[in-house]
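*Asks:* Got a structure for you, questions after.
The values are calculated or read from the model by the stated rules, or taken from the named source; none is laboratory data. Just so we're clear, the structure is a prediction, and the values are computed from it rather than from any experiment. Note that we place each Cβ from the backbone using ideal geometry, even for glycine, and neighbour counts take in every protein chain shown.
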């Protein structure tokens, strides 16, 4: 077996779905070829089985020749062994082919997601990409999996047809023409069945959603009641789904019955012709038994052929989705000739808003529209769309620099930042040499760690779900602090924590970042009071800069924005506040 | 603090399956009888072929051949018709049983004690709702009927083979030992192996989903390398799990093939030998060989579907387990006198021996507004839950009108105290459905009045279909503040005299909070309110402020009193106003 995962999934041809499938197949052609070889041996062994039994009956049993009988029984046994051996090898290669293709798809999509970064969610719904991981990988895998059996099916069909043609041209033609016709006989049933099945699946999906919805909202229901309403609704939908299932059964059962009837009819025709030949003495009784065997066997390669056609159709749909994702290009591009990196301690300036971030300071951004500060924060770290040239680092536009260099020196940690699953210590210490304990203290997250029996070795659940919103936010902050970048941009780092904790974080953040450059967007007085300088944005321009106290004194607009956070009564108290702020 | 929901044991599963069978005796036995009849009709072909071979051997006419083949065709038609109805009936039965099962499960889920839902989290329950119901559906729809048919066919075919001659039993029985040994070996390992395997795919998915949804974070923090390694590690784990199950099959499949091969070869040999001894006819040897070959397919299906059935049974056990959660409240039947809410020396622990509340006393006056403030993890939310009757206290009591909250039936409890958290789930369904769940049978006028009270009637009426607009996952998206308003309107309909608000307006845009506060004020009008405050401004408005620190109420009094007292509340208030 091969080594998986692959070290490099390669660069996929994503021009067309067919092209992609072909590329995947070419990448693993040797295991595909060996799988096909075993598939051919395996099915051919099954195909000659009836012939051997027929000969055994003729030459051994009917002729009453015990030694010939023993010989043929031995041959039968050996072919059985070959079939078993080839069968399991075929299966092993089929699994390898499935896995190689499916894993390659996951690797390709992961690498592409990483390459696209922030561009990805803007260009394609995340559900679409996630669907690749849940469904599409298996469809691509199956195309490769069934390929080996399909090869066996084609060859064994030809083998049987040749055997039959040699015995009787009429019988051979009946097989060669009759069998495909039988398959077509089922076709008219398939499309209504598929429609009804699709409808049933749709209802099942909806029913499952309803149940998940109930479970998801169970705590709400527990707070306020309404269980009967939901029980009744679920029952109603469940019964609709059941009815749809019964309608599927009406067609499905006919199809099942036809699966008995059509091959059976074929057997009847072959046996009838064979028996007449046998009476005329054209064929032996053993050959008659063999004919019966062939006609039963031939259903297998035919079913495989239909299955393969189905898989290829589904595989193409899956491949189309994968191609769409693989064809995307990131918005942030690496310049052909990156400008030299600015000296350490260079200021970060945004010409569009007029914001100047002085080195070594804690700068807070407050905006009349909270979205404006978030966009500005993103732009400072080249994380906004579209990418622009207005942000200059030591005079050089960010876009002229190597993006990797920019990300190393300027780190943006936004409110929605994801806390990834895995060992907590690893998730917090991204550089491998960060001072996590100190960062956790600053983020006032020590209590979170204390509550965990395993401490930093705790395994974080998917998306950090095991933590509350406030806990996640503090951990995300600690993670950003532990990176200890030259410039750290924090977007609303304390929006989900309580006032006690926010006060502590604000006080510690300044000490923690002494000598380094920090930008914080926030409209909380606790955070603003801790900043060295506050920039106030109105209509996308910086209209005032100064300390929190200065701005409270001098800017009524600023007072209004900051007071929103606060008690409505506060507006009447601002006079007093101004005095106290000014006396600082 | 996380507990797991129980899983039903084998006996409970068997007795449930038995009760399902007893509920539908006619369909069940009808389907079985039809399957037996269909299998019997299917047995005609080898017998008739044997007759043909015999006839050819001893010399016959084409007329005789035509008659036999015509008979073959008749049996085929009979088998086809019987199969149609047998399959139909068993699928209808399957759908019926499945519907009952999932409806029972959802009813049991809805009856789960509040504390259990809180503790176990929704993850386990959600897995059971989606994955286990799906797995069971698959088993009942596909695996179970296929398996039953295979068993019926195998038994009937074996009996038919025996009817050719007693000697056929010998080669068949010789195939049994390798079959049984192989099967036992395989089944003992298969379930865990396949469960592990499917878990690795969930893991790949989870990692991929995180990478995709967190693509921005990945880029901003330069986590690309790590994410690629994480996925590759998941793939490596999946590959290990796959290799294990592949190993199981590599042993098991050839073992089965040989177990099938032995009877065929031996029947031919043994039958041939008997024929040379003139003990049996050529037709009998042919028929016997064909019957034995015919046995392979149903036996193979019996064997290969078994692990699928195992998984189905495991899912069933998990679904039934939900019904086994004991109720955590004992209805005493006592009626509360009045609306006075009181906590007396309340202690509580999620984990034995680790109290998070250490003797809390709180007397809430009727119509009073109390704000609870304090650092994260101090026990505010826990105290809030106890005051809402979600958890019973470990020691001490929480009473309304001198009756313990956990002595009240759930429906009555909600008429007294309701808990509103920051979770504002909008259910899939119409706006109306989202509201009336709080008071089934409410008229449209009631619903409109409730919406108007929370200032939400305008935007609801502006929706394309007003109250009939579908919202929730898959429906029309509502904003977080709108969802919060829906939650508040539900409260207006439910009309409890006391409300516990646990950070009910946090996680909401500050701009919207202001608007929501007006909605909230309408709901709070005339009720007793305990608000767990996230931001200080609501504390300022309260009649009394309770500062919770380290599982105790450390300060209790009006805003002005506490500010004057100069304790931790005063310190915070100062820093809030930039005096710090």
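*Asks:* Checking residue B:370 against (1) crowded, with 18+ Cβ neighbours inside 10 Å; (2) more than 24 Å from residue B:541 (Cβ to Cβ), only one condition comes out false. Which one?
*Replies:* In the conditions (1) crowded, with 18+ Cβ neighbours inside 10 Å; (2) more than 24 Å from residue B:541 (Cβ to Cβ), residue B:370 misses (2) alone.
*Asks:* Now, a different point. Any residue in segment A:198-216 that is surrounded by 14 or more Cβ atoms within 10 Å (Cβ to Cβ), over 27 Å from the mean Cα position of the chain (by Cα) and within 29 Å of residue B:388 (Cβ to Cβ)?
*Replies:* Scanning segment A:198-216, I find no residue that is surrounded by 14 or more Cβ atoms within 10 Å (Cβ to Cβ), over 27 Å from the mean Cα position of the chain (by Cα) and within 29 Å of residue B:388 (Cβ to Cβ), so the answer is no.
This table checks each residue for (1) under 25 Å from residue B:285 (Cβ atoms); (2) touching a residue at least 12 places away in the same chain (Cβ under 8 Å).
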residue	(1), (2)
B:73	yes, no
B:84	no, no
B:95	no, yes
B:146	no, yes
B:152	no, yes
B:173	yes, no
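*Asks:* Would you pick out the residues in segment B:207-240 that are surrounded by fewer than 19 Cβ atoms within 10 Å (Cβ to Cβ) and more than 7 Å from chain A (Cβ to nearest Cβ)?
*Replies:* Passing the criteria: B:225, B:226, B:229, B:233, B:237, B:240.
*Asks:* Can you go through B:515, B:540 and tell me which one is at pLDDT below 85 and more than 10 Å from chain A (Cβ to nearest Cβ)?
*Replies:* B:515
*Asks:* Suppose we filter A:265, A:288 for residues that are within 8 Å of another protein chain (Cβ to nearest Cβ), assigned to a helix (DSSP H, G or I), farther than 26 Å from residue B:150 by Cα and in contact (Cβ under 8 Å) with a residue 60 or more places away in the chain; which single one remains?
*Replies:* Details: A:265 fails: farther than 26 Å from residue B:150 by Cα.
Criteria check complete, one pass: A:288.
*Asks:* Which one of the conditions (1) modelled with pLDDT under 90; (2) buried (at least 19 other Cβ atoms within 10 Å of the Cβ); (3) more than 49 Å from the chain's Cα centre (by Cα) does residue B:69 fail to meet, given that it meets all the rest?
*Replies:* So the condition that residue B:69 fails would be (1).
*Asks:* Can I ask one more? Only one of these is within 7 Å of another protein chain (Cβ to nearest Cβ) and either farther than 30 Å from residue B:135 by Cβ or within 30 Å of the chain's Cα centre (by Cα) (or both): B:273, B:244. Name it.
*Replies:* On the way: B:244 fails: within 7 Å of another protein chain (Cβ to nearest Cβ).
B:273 is the lone residue from the list that is within 7 Å of another protein chain (Cβ to nearest Cβ) and either farther than 30 Å from residue B:135 by Cβ or within 30 Å of the chain's Cα centre (by Cα) (or both).
*Asks:* A follow-up question, please. Taking segment B:106-116 as the search range and keeping residues that are more than 8 Å from chain A (Cβ to nearest Cβ) and assigned to a helix (DSSP H, G or I), which one is farthest from residue B:28 (Cα to Cα)? Working first, answer last.
*Replies:* Start the filter on segment B:106-116 by keeping residues that are more than 8 Å from chain A (Cβ to nearest Cβ), which leaves B:108, B:113, B:115-116.
Within this subset, residues satisfying the condition of being assigned to a helix (DSSP H, G or I) are B:108, B:115-116.
On the way: B:108: 26, B:115: 40, B:116: 37 Å.
Result: B:115.
*Asks:* Another question, if that's okay. Out of all the residues in segment A:255-278, is one or more outside the structural domain of residue A:39 (by TED's automatic domain parsing) and under 36 Å from the mean Cα position of the chain (by Cα)?
*Replies:* Yes, the conditions are met somewhere in segment A:255-278.
*Asks:* Would you check which residues across segment A:108-148 are part of a helix (DSSP H, G or I), facing chain B (nearest Cβ under 7 Å) and farther than 17 Å from residue A:320 by Cβ and list them?
*Replies:* Within segment A:108-148, A:110, A:111, A:113, A:114, A:116, A:120, A:121, A:126 meet the criteria.
*Asks:* Among the candidates B:403, B:364, single out the residue that is under 19 Å from residue B:338 (Cα atoms), surrounded by fewer than 21 Cβ atoms within 10 Å (Cβ to Cβ) and more than 35 Å from the chain's Cα centre (by Cα). Break it down stepwise before answering.
*Replies:* Values: B:364 fails: surrounded by fewer than 21 Cβ atoms within 10 Å (Cβ to Cβ).
Being under 19 Å from residue B:338 (Cα atoms), surrounded by fewer than 21 Cβ atoms within 10 Å (Cβ to Cβ) and more than 35 Å from the chain's Cα centre (by Cα) holds for just one of B:403, B:364, which is B:403.
*Asks:* Any idea which of B:296, B:258 is surrounded by fewer than 20 Cβ atoms within 10 Å (Cβ to Cβ) and more than 7 Å from every other protein chain (Cβ to nearest Cβ)? Lay out the reasoning, then the answer.
*Replies:* Values: B:258 fails: more than 7 Å from every other protein chain (Cβ to nearest Cβ).
None of the other options fit; the residue is B:296.
*Asks:* Of (1) within 14 Å of chain A (Cβ to nearest Cβ); (2) farther than 24 Å from residue B:522 by Cβ; (3) in a loop (DSSP other than H, G, I, E, B); (4) free of Cβ contacts under 8 Å to residues at least 60 places away in the same chain, residue B:440 satisfies all except one. Which?
*Replies:* Against the list (1) within 14 Å of chain A (Cβ to nearest Cβ); (2) farther than 24 Å from residue B:522 by Cβ; (3) in a loop (DSSP other than H, G, I, E, B); (4) free of Cβ contacts under 8 Å to residues at least 60 places away in the same chain, residue B:440 comes up short only on (2).
*Asks:* Right, another one. When you look at residue A:214, is it touching a strand residue (DSSP E or B) at 6+ places or on another chain (Cβ under 8 Å), at the interface with chain B (Cβ under 7 Å from one of its Cβ atoms) and at pLDDT below 90, yes or no? Walk me through it before giving the result.
*Replies:* Working: touching a strand residue (DSSP E or B) at 6+ places or on another chain (Cβ under 8 Å): no; at the interface with chain B (Cβ under 7 Å from one of its Cβ atoms): yes; at pLDDT below 90: yes.
Judged against the criteria, residue A:214 is not a match.
*Asks:* Give just the number: which of (1) touching a strand residue (DSSP E or B) at 6+ places or on another chain (Cβ under 9 Å); (2) surrounded by 15 or more Cβ atoms within 10 Å (Cβ to Cβ); (3) more than 30 Å from residue B:207 (Cβ to Cβ) does residue A:358 not satisfy?
*Replies:* The single condition residue A:358 does not satisfy is (2).
*Asks:* Regarding residue B:523, is this residue outside any helix (DSSP H, G or I) and either under 40 Å from the mean Cα position of the chain (by Cα) or at pLDDT below 90 (or both)? Lay out the reasoning, then the answer.
*Replies:* Values: outside any helix (DSSP H, G or I): no; either under 40 Å from the mean Cα position of the chain (by Cα) or at pLDDT below 90 (or both): yes.
Judged against the criteria, residue B:523 is not a match.
*Asks:* Only one of (1) over 15 Å from residue B:345 (Cα atoms); (2) assigned to a strand (DSSP E or B) is not met by residue B:360, so which one is it?
*Replies:* Unmet condition: (1).
*Asks:* Residue check: is residue B:413 closer than 22 Å to residue B:336 by Cβ, within 13 Å of chain A (Cβ to nearest Cβ), in contact with a strand residue (DSSP E or B) (Cβ under 6 Å, 6 or more places away or on another chain) and surrounded by 21 or more Cβ atoms within 10 Å (Cβ to Cβ)?
*Replies:* Working: closer than 22 Å to residue B:336 by Cβ: yes; within 13 Å of chain A (Cβ to nearest Cβ): yes; in contact with a strand residue (DSSP E or B) (Cβ under 6 Å, 6 or more places away or on another chain): no; surrounded by 21 or more Cβ atoms within 10 Å (Cβ to Cβ): yes.
So residue B:413 fails the test.
*Asks:* Does segment A:305-322 contain at least one residue that is in contact (Cβ under 8 Å) with a residue 24 or more places away in the chain, within 14 Å of another protein chain (Cβ to nearest Cβ) and surrounded by 18 or more Cβ atoms within 10 Å (Cβ to Cβ)?
*Replies:* In the first step, residues of segment A:305-322 are kept if they are in contact (Cβ under 8 Å) with a residue 24 or more places away in the chain; the result is A:305-308, A:311-312, A:314-322.
When the remaining residues are screened for being within 14 Å of another protein chain (Cβ to nearest Cβ), the result is A:321-322.
Right, trim to surrounded by 18 or more Cβ atoms within 10 Å (Cβ to Cβ) and you get A:321-322.
Taking every residue of segment A:305-322 in turn, at least one turns out to be in contact (Cβ under 8 Å) with a residue 24 or more places away in the chain, within 14 Å of another protein chain (Cβ to nearest Cβ) and surrounded by 18 or more Cβ atoms within 10 Å (Cβ to Cβ).
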